[in-house]
Amino acid sequence: MTSASPNGARPPGAAQPLRLPGSVAEIEASQEGPQIGAFFDLDGTLVAGFTVAAVTRDRLRRREVGAAEFVRMMQLAVEYRLGRQQFENIIEGAVRSAKGRLAEDVEEMGERVFEQSIADLIYPEMRELVRAHQRRGHTVVLSSSALTMQAAPVARHLGIDHLLCNRFVTDELGILTGDIERPVVWGTTKATSVQRFAAEHQIELGLSYFYADGDEDLALMHLVGNPRPVNPGPALARVAARRGWPVRRFSSRDAGTPLARVRALAGASTLAPLAAGALGLGLLTRNKRTGINFLTRFWPETVLALNGVKLNVTGAENLTARRPAVFLFNHRNNFDVFMVAALVKDNWTGIAKKELEANPIFGTIGKLLDAAFIDRADTAAAVAALGPVEDAARKGLSILVAPEGTRLDTQAVGPFKKGAFRIAMATGLPIVPVVIRNSDSVAGRNATTLNPGTVDIAVLPPVSVADWTVGDLSTRIEQVRTRYLELLADWPGAGTDARSGKS
């Protein structure tokens, strides 16, 4: 557990973050200004795997790929692996398959695939590096051989203004011609495009950074003063070792690997025996809550442990300073509630969105917990659904709730809804803010599996609502939300070596 204070201040005498090459701390100590470029590759670097695979899977699900096209795609992929086809042939084949479609339809498809599949594949470690360069005022560029439909949504999501990639050719009606703008961006032409961009924007390549994984990116690595191989291929790794380039490898987005699937299955399989034990304990003691407490105390911890997720908690004493309480947590993925439940342990219920009520696992557990399932689109029904939760709070149960009401994939904190605060006022329970810093390091926004890692959590001192009034409720809520923002902006002990998986 870190010894930093929960208000975000770094304790006197605390070790300064190591400025190792390839770390966020290195960037934060670098020279400021737009004359320094930070060039990021896409596939395998910013994003785990290949974005074109996500696009292809989407087209296959929608039956937009004919048999002949599918066979040709497989043939090109195999020949490329065997070295018989240049990359240009692969991408030209993909472009030809889109001939005759409206450019705006293809762009919309790219946005949809990004939201459904690609957003969760962005490495959180790389996102932090992008943000670090942006804070220094560097000129950040996404430089990729992918098409705009794959690269543009990622650039927009990360706030990257400059995009160097392959682009469709359209006619005067905005219809794709089946051709691609020349030259095709790949290998040496990718390096040339970066050189041209640097000259046009007065960027000093000798001071600049390039992050990439592909062996074909060696030419660009030699152009910049700070080459940064990320998950490098064999040839790039050998050159990096010979030249002493700092290499970074990530596994925070390996949910599709066999090992990740085994971990997920192991975690899920523990529910049945623990639920059986909870049922038996409840029957033995003739107390439903005793059985539920057994389940809530052990299942979240077990799931996290089997998936290699550790919680680095600051302010743990605040978890029991005042009980019952309304525990508020910022919501980033499907597993935040497991993390908070593992800390609160027992004698709690919660508030969840209506859609989860039909889920065979979470819906059933929620009903056992007497949780409130609220319809966010129906305010009157949502308020009515909170009544039983207020009754449970008066009987001694704590409440777990995400006041933002939905998962957000951002460092910011969304607006807080009033429901949880009204419960606190109606029951007299204190509010305990639980601030989760980096849960995206173990699971993306929509992920259904966890990856190993350490999640930083700060539990702030209880906030009394005894003197709150309806008239000042909005102001009070914003004061609580501001504490989240301040702490996330200046986290205790932040800035450790990024190569360890923490930024």
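Bear in mind these aren't lab numbers, they're just calculated from the coordinates by the rules spelled out. All values reported here derive from a predicted model rather than from experimental measurement.
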Percent breakdown of C-alpha pair distances by 10 Å bin, ordered from the shortest bin, for the range 108-154: 24, 47, 27, 2
Hey, how much of the P(r) for the range 86-211 falls beyond 22 Å, as a percent of Cα pairs? 42 percent
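Restricting things to alpha carbons, find the Rg to Rh ratio for the range 167-274 using the Kirkwood radius for Rh.
1.20
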Over all Cα pairs of the range 298-350, how is the pair count split among 5 Å bins, expressed in % and running from 0 up to the last occupied bin? 4, 17, 30, 27, 17, 4, 0
Of the listed links K288/K345; K353/K418; K310/K395, those spanning more than 23 angstrom between alpha carbons are K310/K395
